[in-house]
1. Look through S303, S270, S261 and report the one residue that is small (G, A, S) and more than 30 Å from L14 (Cα to Cα).
2. Inspect all residues belonging to segment 229-241 and state whether any of them is at pLDDT 95 or above, of a type in the set (S, T, Y) and surrounded by 14 or more Cβ atoms within 10 Å (Cβ to Cβ).
3. How do the pairs read when you match residues in segment 180-192 that are farther than 22 Å from V257 by Cβ with residues anywhere that are within 8 Å of the ligand (Cβ to nearest atom) and in a loop (DSSP other than H, G, I, E, B), using Cβ under 7 Å and keeping only pairs 6 or more apart or on different chains?
4. Can G205 be described as buried (at least 24 other Cβ atoms within 10 Å of the Cβ) and modelled with pLDDT under 95?
5. Within segment 33-40, is there a residue that is modelled with pLDDT of 85 or more, over 27 Å from S139 (Cα atoms) and in contact with a strand residue (DSSP E or B) (Cβ under 6 Å, 6 or more places away or on another chain)?
6. Search segment 132-149 for residues being part of a loop (DSSP other than H, G, I, E, B) and of a type in the set (D, E), and hand back the single one that is modelled with the lowest pLDDT.
Amino acid sequence: LTSSNVLEKNDAYLIGVDVGGTNLRVGVIQQCNVVWAERIHADFSAFCRTHAGEAALDSILDTLARAIREAQTRYPAVCAAGIGFPGFIDPMTRRIIQSPNLPGLTDVDLLTPLSKTLNLPVGIENDALAAAFGEYVVSGQEHRESLIYLGLGTGVGGGLILEGRPYPGTHGVAMEVGHIIIESDGRPCGCGNRGCMEQYASASGVALTYAELAGGWQGMDSSLVAALARKGDTHASRAFERAGEALAQGLATILKVVDVSRVVIGGGMSQSWDLMHAAFRDRLEADLIPALRGRIHIDVSRSADQAGMIGAAMLAAPRA
Ligand SMILES: [Zn+2]
C-alpha cells in the first residue's frame, strides 16, 4: 500500500478514530479532508490501571462503538472505519499484542466484536503509524519520500514512512522510539526497562522532571508546567529543555539507523515546542553523525488534531 494508490482509489467516506491517552477523536474523512469530527473524553489509560482487563476491554469497545455509530448516523454513506490505537498490532491477525500505556490489554481482538456490533468493516493500526501516514498524505508528498513522525503525548510514539510506504515492522513494533534508552539506570518505565526516552520527553516525563526539580509537585500536569515556564519559572523551563534534549538523543539514534531527512513532531505536547526547541536543536546537532548535521528538516505538525484520524481512516479502514 502506498500513498498514491490510497489517494487514487478513495473518494468514499471513511471513519477515522484516533485513540489518545485521555481523548479519542472520531472523524469522517473524504480524500484527505475531515468533513466532520468530534473529540470525546475517554481516559482509557486511567481506566486500564484501575480495572481488570475484561472490564477495561468492554469499556473500550463500548466507547469505540458509540463514537463510530455517531459518525455513521451523521454520514450514513460511510463504508468502513479505521482505528489508530496506542499499542502493538499484529500485522497478520490485527490483534493488539500489547499496549504499554493501557496495561491489561494483551492479545486482544477489537475488530471482530466491533465489526459485528456496527455491521461495518473495521480496521486497526498503530496510532503513531497512522499519524505518520496522515502527516504524509496531508503534506501532499509526491516523490515517495521518507518521513519520521514523533508523537509527544502520554508517551512518545513513532511512525516511519519509508519511500512512500508505512512501515509497521515484521512484528508490529517498528519505531517504538519512546523506549530507546537514553539514561542508564534512569527512571523506571512501563516497558520494564529504565531510562527510556519517553520517561523524559513525554508529557508525563516533563511533569516528573518538574517534580524532581521543584520538589513535592507530584501529579502536576505538563500544560501547567508549560504555563509556569512561560511565566519565567526556571524549574519549569528546565523540565521542557530536558524533554527537548531527551527527544534529540532518541532521534539522533533513530537517524543513525534510518536515514531520512524529514521529521514531523506531533501530539498534544507539540503545542509547547517553543519551550523545547532550542535545547532539542543543540543536542541533536551535537549527537548526529557529522554528515547529517544541518540536513534534517524538523517540522511541527500543522494538523496535530487531524493527522491521526486521517491516517487511521486512509491506512486502516478496510476497502473493497
Ligand atoms: Zn520503556
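1. S261
2. The answer is yes, given that some residue of segment 229-241 is at pLDDT 95 or above, of a type in the set (S, T, Y) and surrounded by 14 or more Cβ atoms within 10 Å (Cβ to Cβ).
3. G190/P100
4. Spelling it out, it is not the case that G205 is buried (at least 24 other Cβ atoms within 10 Å of the Cβ) and modelled with pLDDT under 95.
5. The answer is no; no qualifying residue exists.
6. Of everything passing the filter in segment 132-149, E142 is modelled with the lowest pLDDT.
Listed here are the residues, each with its yes/no results for (1) within 12 Å of the ligand (Cβ to nearest atom); (2) assigned to a loop (DSSP other than H, G, I, E, B).
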position	(1), (2)
G151	no, no
G158	no, no
T170	no, yes
A174	no, yes
G178	yes, no
E183	yes, yes
Y200	yes, no
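Residues checked against (1) more than 20 Å from L315 (Cα to Cα); (2) out of contact with any Cys (no Cβ under 9 Å at 6 or more places or on another chain); (3) modelled with pLDDT of 85 or more:
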position: S4; (1), (2), (3): no, yes, no
position: D11; (1), (2), (3): no, yes, no
position: V19; (1), (2), (3): no, yes, yes
position: V28; (1), (2), (3): no, yes, yes
position: A46; (1), (2), (3): yes, yes, no
position: H51; (1), (2), (3): yes, yes, no
position: I60; (1), (2), (3): yes, no, yes
position: T63; (1), (2), (3): yes, yes, yes
position: A67; (1), (2), (3): no, yes, yes
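The values are calculated or read from the model by the stated rules, or taken from the named source; none is laboratory data. Everything quoted here is computed from the prediction, not taken from an experiment. Neighbour counts run over all protein chains shown; Cβ positions are idealised from the backbone, glycine included.
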